[in-house]
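Single-structure report; data block below.
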Amino acid sequence: MTENPFDPIILSKISNMELRARLIVDGALSGIHKSPFRGSSIEFLEHKEYSPGDEIKHIDWKVYARTDKYYIKQFEEETNLKCYIFLDNSGSMGYKSTGMSKFEYASTLMASLAFLLLKQSDMVGFISFNDKVIKYIPPRSRITHLNVLLNALAELKPSGKSDVSNILNEFIEKIGRRSLIVVVSDFLDDTDKIIKQLKYFHFKRSEIILFHILDHYELTFPFEAITYFESMEDERRIIAEPKSIRSHYLNELNRYLEQFKQSCLENQIDYWLIDSSTPLDQALIKFLMRREGSQHSITKFFK
């Protein structure tokens, strides 16, 4: 069987994060049909015959030379999108069963999103956090900004407790209206408080996307033998017989996930639960497909 180049186990062997991001973006875009929007971009879609009132600067003089008629270039839509990516850097994000840890997976997804947005001159800002802000990089739109973001990622290691709602609260006044807010986390936190803070961004007419990253073992609890479980954020430890608690664990997990998903739906927040064993091009495709009908300039990448 042919190996999937976007499988986290395969991608984890590529240490260069920029190369990872480029491979994932190219792979995701290759399977998506283009959805054109007319606007004013540097990439035009087609021509139309000149009509009084059209801007002369958009006349295609090469076509005029061939046809002796005036034609206007029609463009794809371009918007000034400003995106803030919040990346959970708490200790629990360091968990790994196989392939990539949740943090490695989230970082790779974040790098891919940043590359995709910067490639079209949108602005990307970056906030890494646990219970406090670890790194804040203001939004920039130059493609060279990707190196700044990747260098910051390279310095991060999961540690400490998570407090997503507190971090979001810090940025309510810093982030302007009509921004794109992306939060990448395992959300092992008080989700009611998180939703409450996200509502403020929604009131400011920002768009919100949550990538909920959980390890495959966290989602399936496949443990068999008596196991020593240790918290990655505090001193809690427990020895348990997995078979006796599996049913209760999965019921509680599914209840938590369903409630979180429903709260997001009720508050017009895009929510994506992603198993960290999912090929990363598929994770990015989920984001792109949802945005295909959006007015954001990200639509220009659909092929």
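Read-outs throughout are calculated quantities, based only on the coordinates presented, and are distinct from any laboratory measurement. Because the structure is predicted, anything quoted here is derived from the model rather than measured. Glycine also receives a Cβ, built like all others from the backbone with ideal geometry; neighbour counts cover every protein chain displayed.
Under a 5 Å amide H cut-off, with hydrogens placed 1.01 Å from N, residue 126 pairs with 85, 137 among residues at least 5 apart or on other chains.
With the cut-off at under 16 Å, measuring from each backbone N in region 125-156 to a point 7 Å along the Cα-to-Cβ line of residue 193 picks out 129-133.
Which of the peptides 238-251, 84-97 is most tightly packed, and how do the rest follow, judged by the mean count of other Cβ atoms within 10 Å per residue? Don't skip to the answer; put the middle values down first.
Values: 238-251: 12.1, 84-97: 22.5.
Peptide ranking by packing, descending: 84-97, 238-251.
Packing order of peptides 262-270, 106-114, 209-217, highest average first: 106-114, 209-217, 262-270 (average count of other Cβ atoms within 10 Å over each peptide's residues).
Mind scanning 174/196; 96/157; 62/119; 96/199; 196/261 and naming the pairs with a C-alpha gap bigger than 20 Å? Going by Cα-Cα distance, 62/119; 96/199 fall outside the 20 Å limit. Evaluating 6.51 cos²θ - 1.76 cosθ + 1.60 at θ = phi - 60° for every residue in region 84-99, the Karplus couplings come out as 10, 9, 9, 10, 5, 10, 6, x, 5, 5, x, 5, 8, 8, 9, x Hz, glycine and proline recorded as x. Each residue of region 16-27 was assigned a 3J(HN,Hα) from its phi angle through the Karplus curve 6.51 cos²θ - 1.76 cosθ + 1.60 (θ = phi - 60°); the sequence is 6, 5, 5, 5, 4, 4, 5, 4, 5, 4, 4, x Hz, with glycine and proline shown as x.
For residue 270 and residue 68 in the same chain, what is the full-extension length gain: residue separation times 0.36 nm, less their Cα-Cα distance, in nm?
Stretched out fully, the residue 270 to residue 68 stretch lengthens by 67.7 nm.
Sparsely packed loop sites in region 233-264 (the GluC sites (Glu not before Pro) outside DSSP H, G, I, E and B with at most 14 other Cβ atoms within 10 Å) comprise 235.
Each residue of region 155-170 was assigned a 3J(HN,Hα) from its phi angle through the Karplus expression (A = 6.51, B = -1.76, C = 1.60, θ = phi - 60°), giving 8, 8, 9, x, 6, x, 8, 9, 8, 4, 4, 5, 5, 4, 4, 5 Hz with x at Gly and Pro.
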